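Below: the structure, in structure tokens.
Since every read-out is calculated from the coordinates, none of them should be taken as a lab result. These figures come from a predicted structure and were not determined experimentally. When we count neighbours, we look across all protein chains shown, and the Cβ atoms used for this are built from the backbone with ideal geometry, even at glycine.
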Amino acid sequence: MAIKQTGDIAAQRLSPEQLACEFSDIAPLLDASAAAAAASRCHYCYDAPCVNACPTRIDIPGFIRKIGNGNLKGAAVDILSANPMGGMCARVCPTEILCEGACVRNHQDAKPVAIGALQRHATDWAMARGEVLFKRAAETGRHVAVVGAGPAGLACAHRLALAGHRVTLFDAREKAGGLNEYGIAAYKTVDDFAQREVAWLCSVGGIEIEYGVALGRDVTLDTLRKNHDAVFLAIGLTGVRALAMEGEDLSGVMNAVDFIEQVRDASDLGTVPVGRRVVVIGGGNTAVDAAVQSRKLGATAVTMAYRRGVEAMSATWAEREFAQTNGVTLVTHARPVRLIGEGGVVTGVEFERTADEGNQAQERFVVEADMVLKAIGQTLVAVGIERELLTLDGSRIAVDANGQTSLAGVWAGGDCAATGGVDLTVQAVQDGKLAAAAIDAQFARMAIKAA
Ligand SMILES: Cc1cc2nc3c(=O)[nH]c(=O)nc-3n(C[C@H](O)[C@H](O)[C@H](O)COP(=O)(O)OP(=O)(O)OC[C@H]3O[C@@H](n4cnc5c(N)ncnc54)[C@H](O)[C@@H]3O)c2cc1C
Ligand code: SF4
């Protein structure tokens, strides 16, 4: 959906030079000496807490030791064998609540080992040199359909392909990568990294991608099951929650994910329209990214409003701090009650103050806005999922610990599945990995039975 330039929503608020600066890499690559210094801070802990805090269980002290010894290829193998999207995760993981949050150096000098930066140092080195790190096993003759080419689908495809199975990835869109391509903030993944990573993953061989094929529109689950030995569903959460209140259809009101996608898609950031005064409703990753990117495009006043206190926000403390240092005003305990407009165009949001205790309504106030971005959560679009056979758990696909659904031969993982994990890239990768291992084990059992 294109952004309408109504009210005070306009493109080119900043010069090309300012935009290039605003959207440059927020965590540039470490050079060799900085990497050596960062690696030297690691204690190579026994039963390292950083490893336990990583959903993909990368051997962190192991790869840091290799970086310290100058063995970057070995470090990259350690990382990518546990997490094939180790390059993207090094850029986007909220390390402050994962590996770096658990690092023992926090207790010693209040500064963790720079695990994310070191991970990027090794994986970028290997990818830039086109190092061959993995060899595919001999063809098994098995063929798996993976629906959705986001982190979960790609990780599953890579694992299955390495085991010698053939994989066809089906994606509704024209590019692979899922939210790595269309959702993650532009300054976290610059220089088309998402597409370079997809190319690297597929270079292992045995993976074919069919673009523009949507489950439920162009292909049915039934057909995929008949034509393949297994199916992995990794369709993410492509629906968006509505505010369901007066004024939601006013011009200038849009979904934050659509706004973010236009920023990610733009070959010239100067063409992306943004309000002068922007209000973002929500308290998660998406809200932070929409708010910060609005500021970086030149909005003068950006308010991020959340109905509870900061401790209940799903955005981490580091993300909140990042938003605030980028000039975003955080308003907590503020529940939107209606969107106000004039002549069909939004002019503000009316909020009521809430108290944590009992969420009691208190006074009301208005924040003026030319643009309102809704970021109150994504939902599963269940088209193409045969509900009568595929059990849902709440609003996601029900799975067991290995990603097996209620339907024989069908696995699911990533955001679309009720795995109990958090909605993060690294968790989606782990789900894809686990499902691939379970599918591979199933094929092995079938081979033994047939023998
Ligand atoms: C705005 C935003 C910012 C985020 N920032 C971060 C971050 O900084 N760090 C972090 O760790 N996590 C972040 N996340 C979360 C992270 O992006 C997701 O958890 C992760 O991408 C989930 O991976 P997935 O493979 O399950 O789904 P997705 O990445 O959503 O991929 C699903 C794929 O399935 C395809 N698909 C959907 N329906 C169909 C269909 N019917 N037929 C065929 N294909 C279909 C889609 O086109 C897409 O390619 C962010 C999320 C959002 C929304
Ligand atoms: S917890 Fe910190 S110091 Fe210990 S192994 Fe992990 S990165 Fe190194």
Count the DSSP beta bridges whose two residues both fall in the chain, then state the antiparallel fraction as a percent rounded to the nearest 5.
35
All-pairs alpha carbon distance profile, the range 32-129, 5 Å steps from 0, percent:
3, 15, 29, 28, 18, 6, 1, 0
Trypsin sites (Lys or Arg not before Pro) within the range 63-170, DSSP loop, no more than 12 other Cβ atoms inside 10 Å:
LYS135
Between exposed chymotrypsin sites (Phe, Trp or Tyr not before Pro) in the chain, where DSSP calls loop and at most 12 other Cβ atoms lie within 10 Å, what's the longest gap?
47-451
Are there trypsin sites (Lys or Arg not before Pro) in the range 344-451 that DSSP marks as loop and that have at most 15 other Cβ atoms within 10 Å, and which are they?
ARG387
Cut-off of 10 Å, at most 11 other beta carbons, DSSP loop: longest stretch of the chain lacking such GluC sites (Glu not before Pro):
175-387
Over the Cα atoms of the chain, Rg to Rh with Kirkwood Rh, two decimal places?
0.98
Label model pair ASP249, ALA27: point-to-point distance (7 angstrom along the Cα→beta-carbon line) in nm is 4.3
Go through the range 136-153 residue by residue and turn each phi into a ³J(HN,Hα) via Karplus (6.51, -1.76, 1.60, θ = phi - 60°); whole Hz please, and just put x for glycine and proline.
6, 5, 4, 3, 9, x, 7, 10, 10, 9, 10, 9, x, 9, x, x, 5, x
Summing -39500 (n - 2.57) over every DSSP H run of at least 4 residues in the chain and dividing by its residue count gives a helix-only mean residue ellipticity at 222 nm, to the nearest 500 deg cm²/dmol, of -10500 deg cm²/dmol
